[in-house]
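Asks: Just dropping this structure here.
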Amino acid sequence: GVSPPPSLHGCNTLQPCWRLEVAVQTPAHSALGDLLTYASTVPMAPGALVRVPLGRREVLGVVWACAERSADDSALELKTVAGVLDALPPLDSGWRDLVAFAARYYQRSLGEVALAALPPQLRDLTSQQLARRLKRRATPVPAPDEAATDPAQAVALSGEQSAALARFEAETGPFLLFGSTGSGKTEVYLRAVAALLARDDKAQALVMVPEINLTPQLEARVRDRFEARFGVGAVVSLHSGMTHPQRLASWLAAHSGQARIVLGTRMAVFASMPLLKLIVVDEEHDPSYKQQEGARYSARDLAVWRGQREGAKVILGSATPSLESWHHSRPAEGDDTGGRYVRLAMPGRIGDGALPTVRGVDMNLQPPKTVLSAALLDAIGQRIARGEQSMVFLNRRGYAPVLACGDCGWKSECPHCSAYRVFHKIDRTLRCHHCGYTERVPRACPACGNPDIAPVGRGTERLEEHLAELFAPVRRPDGSAVRIARIDADSTRKQGALARKLAEVHSGEVDVLVGTQMIAKGHDFRRVTLVAAVNPDGALFSCDFRAPERLFSLLMQSAGRAGRDANYLAAQGSTAEMWIQTHHGRHPLFQALRQHDYPAFAKQQLDERRAAGMPPFAFQALVRADARLQEVAQDFLNAANAAADVLPHAPHVARYPAVPLSIQRVADVERAQMLVESGSRVALQRFLADWQPLLHGLRREPVGKGVIRWLIDVDPQAI
Ligand code: ADP
Ligand code: ZN
Ligand code: ZN
């Protein structure tokens, strides 16, 4: 409800006398600026949602400020607000501060970030429709019985879990929960949430996970536990796999305070939660917390900022924290070296289970063209004979990454990208994984007519086929055939396919699971006792300085899928193993992996980064430009570079020449980027803010002609 306007300065309701600054979705780099000004007959609270005319359309906007119009101001011709969604309480200052910060920090317009943070369907509904939807959402009904037992409270916490929770309750954080795979981090998050909700009957908690679809198990677990106690509707999800009406319903529940827990992916960091008191970021190292389109934000970093601002406690959790978070955390209680995060360590596994023994296979000693070493096959065979499960991990999907002609050297290049098209045997296609361009496999070499074109290299599809051949003669203990399954983006494209396949693994209907990183993350498999990485070497020689960090965490996470149930291992008389087939067994990364020694690995990496002046010891941003011709993109960036010489913060910022991206051309668009770097985050921020207008200006000059788009990526995750 809004009050009628007071009649001041001769204003009356027929003459709008309030001036509103409204955030609307303007094109990413529009010249319109951040906020548009409108007139209103009634005052409106900041955070109110309004509909305003923009060009010929009427668009959704968020009121950012409202002031009475002054005498000279009333001379201005202002468009009038078309409507207000007064069924909704205004977005609170916590939310608005977050959006404003994100826009400033990631160099985007306020309106773009604000509107992207709202559920899309909000744009299409009237206030009456919204009012009905709000009413339709039943208030969560607390369980029939006050003492309704939380089934999980029956589980006794491990000593490490109790200690972590005790420190969590005693300090303000932010916290870095550094817990081994299988140490029971999820239980710690859920207990922290439960304690909060029990203590404060309004408080809300935000639990973020990298990819909700990958772990349908978790969603069920959270719902089961909290709906029993806090009522159906107490838990809502927010992620991109939901329909627009579902997203709106979740958003409304969070905004109105009815939902006590929001479980979501990176987008959930922007959920409106007026009573937010706790934020959990599970697997905080995961690259999917970084949004890679539009406003390129890091949901993890925003979570820390938001928690600080709103007085909500923040827990970041991982077995392999990002080097940034690790660097920001204090090694031990009472130790004030290191950063401001409180590190909570849980090195042990639940039930005192051991972490898997890491076995390296020296591929230099294998017969040429070996895919799976005899020793590994033998180990998998033993698991099959005991009724245990194995996982074979290869981070490349498709049948073969390239199809090639041995006669003339033709390769399955994509005509639109600087990349090869991948051979998918299942439907006999060549598919580009960058632009999607797909063709049937030619019968013969398109260049010379040789009918003998052959796959080169190996993806998960071929690996699965290979394993099926090798294990065809083998029998399971009950005499039946060995069951091999594959989980990757191709095998799980259909709705529900992933959940079904995971369920098969959980229920023991699979003996050997082949897959990409999708199988490495988060899953709580109980009968997997062996995990193998068959070809992890590629990432050792990437030019991206974060590649070793990524590889180490992926391998640690993969290893973490083996032997999670100590009782099962004991009953089987089995041990958990992680196999690594490599040509570079002496590489320090594998040495650290063998010891499960994340701190040693992190120290070595941080020492290198410190010496080289790289993050977290420096702050980076990329400016990217796309054009039909590579030189057009590079010329634009180099002109922007030169234009920046005059900026006041230029002396504190290193600027590097424009270079092509590692995949230079995608869908016939040439891509170039330049890196800027500074030892001071503030200097870099000010530099970027000053630089933006120059970039906008250059775009309109001859050097900007032919540039399709440009963008700034602050704290880029891939260089
Ligand atoms: P993490 O996320 O650290 O890898 P999880 O939270 O998935 O580990 O926990 C591993 C397994 O141990 C899960 O099956 C979980 O239900 C179980 N678990 C967690 N805490 C306890 C406990 N205190 N007692 C018994 N089982 C537990
Ligand atoms: Zn040929
Ligand atoms: Zn392509």
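Asks: Using a Cα-Cα cut-off of under 14 Å, which aspartates and glutamates could be cross-linked to K603, ignoring same-chain neighbours fewer than 8 residues away?
Replies: Within the straight-line cut-off, K603 pairs with E324, E549.
Asks: Quick check on the chain: of the DSSP beta bridges with both residues there, what percent are antiparallel, nearest 5%?
Replies: 50 percent
Asks: Listed here are the pairs K277/K501; K135/K313; K185/K277; K369/K501; K202/K521; which of them are more than 25 Å apart at the Cα?
Replies: K277/K501; K135/K313; K369/K501; K202/K521
Asks: Shape verdict for region 283-373, please, from the Cα gyration tensor: rounded (a/c under 1.5), prolate (a/b greater than b/c) or oblate.
Replies: Since a/c reaches 1.5 but b/c is at least a/b, the shape of region 283-373 is classed as oblate.
Asks: While we're on this one: Arranged from highest to lowest average of other beta-carbon atoms within 10 Å per residue, in what order do the peptides 406-415, 45-54 appear?
Replies: Per-residue Cβ counts within 10 Å, averaged per peptide and sorted highest first, yield 45-54, 406-415.
Asks: Which order do peptides 517-527, 485-495 fall in by mean Cβ count within 10 Å, highest first?
Replies: 517-527, 485-495
Asks: Please report, in debye to the nearest 20, how large the charge dipole of region 210-266 is about its Cα centre when each Lys and Arg carries +1 at its beta carbon and each Asp and Glu carries -1 there.
Replies: Roughly 120 debye, rounded to the nearest 20.
Asks: Same structure, new question: Dipole magnitude of the chain about its Cα centre, charges +1 at Lys/Arg Cβ and -1 at Asp/Glu Cβ only, in debye to the nearest 20?
Replies: 1100 debye
Asks: Name the residue from N364, P174, P401 whose Cα lies farthest towards the positive end of the charge dipole of the chain, charges +1 on Cβ of Lys and Arg and -1 on Cβ of Asp and Glu.
Replies: The one lying farthest along the dipole's positive direction is P401.
Asks: May I pose another question? Identify, among Q308, N213, L157, the residue whose Cα sits farthest towards the positive end of the charge dipole of the chain, taking +1 on the Cβ of Lys and Arg and -1 on the Cβ of Asp and Glu, with the dipole about the Cα centre.
Replies: The one lying farthest along the dipole's positive direction is N213.
Asks: Given H placed on each backbone N at 1.01 Å, which residues far from V281 in sequence or on other chains put an amide H within less than 5 Å of it?
Replies: Amide H to amide H, under 5 Å and 5 or more residues apart or across chains, V281 pairs with M208, I315, L316, G317.
Asks: Another question about this same structure. Please give the Cα centre distance for region 239-290 versus region 439-498, rounded to the nearest Å.
Replies: That distance is 38 Å.
Asks: Rounded if a/c is under 1.5, else prolate if a/b is larger than b/c, else oblate: which is region 615-663, with a ≥ b ≥ c the root eigenvalues of its Cα gyration tensor?
Replies: oblate
Asks: If you don't mind, there's one more thing I want to ask. Can you order the peptides 394-403, 216-225, 671-680 by their average number of other Cβ atoms within 10 Å per residue, highest first?
Replies: Descending mean neighbour count gives 394-403, 671-680, 216-225.
Asks: Just to be sure I understand: of the beta bridges DSSP finds with both ends in region 374-517, what percent are antiparallel, rounded to 5?
Replies: 65 percent
Asks: For R306, R500, R260, R609, which order do you get if you count the other beta carbons within 10 Å of each Cβ and list the fewest first?
Replies: R500, R609, R306, R260
Asks: Then there's this: Test of understanding: what is the full-extension gain from E219 to A156, defined as 0.36 nm times their sequence separation minus their Cα-Cα distance?
Replies: 20.5 nm
Asks: Extending each Cα 7 Å along its Cβ direction at D478 and E293, get the distance between those two points in nm, one decimal.
Replies: For D478 paired with E293, the spin-label model returns 4.5 nm.
Asks: Same structure, new question: Under a point spin-label approximation (7 Å from Cα along Cα-to-Cβ), what is the A170-D362 distance to one decimal in nm?
Replies: Result: 4.9 nm between the two label points.
Asks: For region 606-719, what does the alpha-carbon gyration tensor say about shape, rounded, prolate or oblate, given a ≥ b ≥ c as the root eigenvalues, a/c under 1.5 as rounded, and a/b over b/c as prolate?
Replies: Here region 606-719 falls in the oblate category.
Asks: Could you go through region 263-270 in sequence order and give the Karplus-derived ³J(HN,Hα) for each residue, using 6.51 cos²θ - 1.76 cosθ + 1.60 with θ = phi - 60°, rounded to whole Hz, and x for Gly and Pro?
Replies: In residue order, the calculated couplings are 10, x, 8, 3, 4, 5, 4, 8 Hz.
Asks: I would also like to ask the following. What nm distance separates the two modelled labels at D352 and L377, each placed 7 Å from Cα along Cα→Cβ?
Replies: 3.9 nm
Asks: R0 = 35 Å: FRET efficiency of R586 with S507, Cβ-based, nearest 0.05?
Replies: That gives a FRET efficiency of 0.30.
Asks: How do T429, T80, T265 rank when sorted from fewest to most other Cβ atoms within 10 Å of their own Cβ?
Replies: T80, T429, T265
Asks: Taking a point 7 angstrom from the Cα of V682 along the C-beta vector, which residues in region 640-676 have backbone N less than 20 Å away?
Replies: 647-654
Asks: Using a 10 Å cut-off around each Cβ, can you sort Y568, Y420 from fewest to most neighbouring Cβ atoms?
Replies: So the residues, fewest neighbours to most, are Y568, Y420.
Readers should treat all values here as calculations from the given coordinates under stated rules, not as data from a laboratory. Keep in mind the model is a prediction, meaning the values are calculated, not measured. Cβ sites come from the backbone with ideal geometry, for glycine too, and all protein chains shown count toward neighbours.
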